[in-house]
């Protein structure tokens, strides 16, 4: 009865439902893209779903990550998502992985799943997913959001192009919704489109978006599909050398100041300097003692929005009177 409406479809049937039951999908990032994708894959009866996310639910997530509630703020996204999705479908296996994807754990983890779904918002992790999928011979469903626009594709599917075939080089700066803004429905729609690509792969129906990049502007209603060319040299480079980490480093322009970097460990570019204290925002409660109170400290993030909130919070609740927000974020304090 649970799957009656989709079993009725000629493209699914009982045999297709059995394929879904035997399938496994790892979702990297249970945020704006990962939440809707997970909900629909759980509802469809995919037998095993991994939910990987090291972040905690915040109030700024709720306008687009509608799997979460106000009562979930401060809790692990992976664990909350597992709890709620298991209530949607108790017949499948849902695994919560409350840690960040890394070079050390990626390949071993990917071998446990048939398909990888990318719900991340930073270049470094996308390259990591790509390289690990090439080495593990797994397809991955990609999406990326910018304001009212989105991109969608499937990489490494049956010998098709990889992410490095499309983007052999990265830009210096990540562009995410924290800095640019996003309407909540945009990642919601693209997360569902990712779920659809997963179902097509598992069921062996329709036209999988391998070798194509779908571009959509949901505000104007415009769409186009670009054909991707496979670059064998980029793929062979990974097979021969393994995962190639994307690390973007830079230097601060003023060494007379002391800085506090509250960005997460995956955010680029990175700054290595004794004048920069690096404490991810998610770790601040446990590492407040590392922030000096006797000298002026300039607090920065990617755009200046998160750091402003942190400066106000630390002043109001912990008595820090020496903190200054870096308006405009990291780009305003680095060389070049």
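Details
- Once the Cα atoms are used to define both axes, helix 34-44 deviates from the longest principal axis of the chain by about 20 degrees.
- Tail fraction, Cα-Cα pairs, the chain, threshold 38 Å, whole percent: 18 percent
- GNM top mover of 70, 83, 149 - the chain, alpha-carbon springs below 10 Å: 70
- Gyration tensor (alpha-carbon) shape descriptor, the stretch 118-242, a/c threshold 1.5: oblate
- Prolate/oblate/rounded label for the stretch 1-118 (Cα gyration tensor, a/c 1.5): oblate
- Helix 13-22 axis versus longest C-alpha principal axis of the chain: approximately 40°, rounded to the nearest ten.
- With respect to the chain, whose longest principal axis is taken over its alpha-carbon atoms, helix 232-241 is tilted by about 70°.
- Gaussian network model of the chain, springs between alpha carbon atoms under 10 Å - residue of 272, 220, 120 with greatest fluctuation: 220
- Enclosed volume per residue, in Å³, of the convex hull spanned by Cα atoms of the stretch 249-332: 86 Å³
- Of the residues 12, 25, 154, the one that moves most in a GNM of the chain with alpha-carbon contacts below 10 Å is 12.
Any read-out appearing in this document is the output of simple, stated calculations on the displayed coordinates, not a laboratory observation. Everything numeric in this text was worked out from a predicted model, so none of it was measured.
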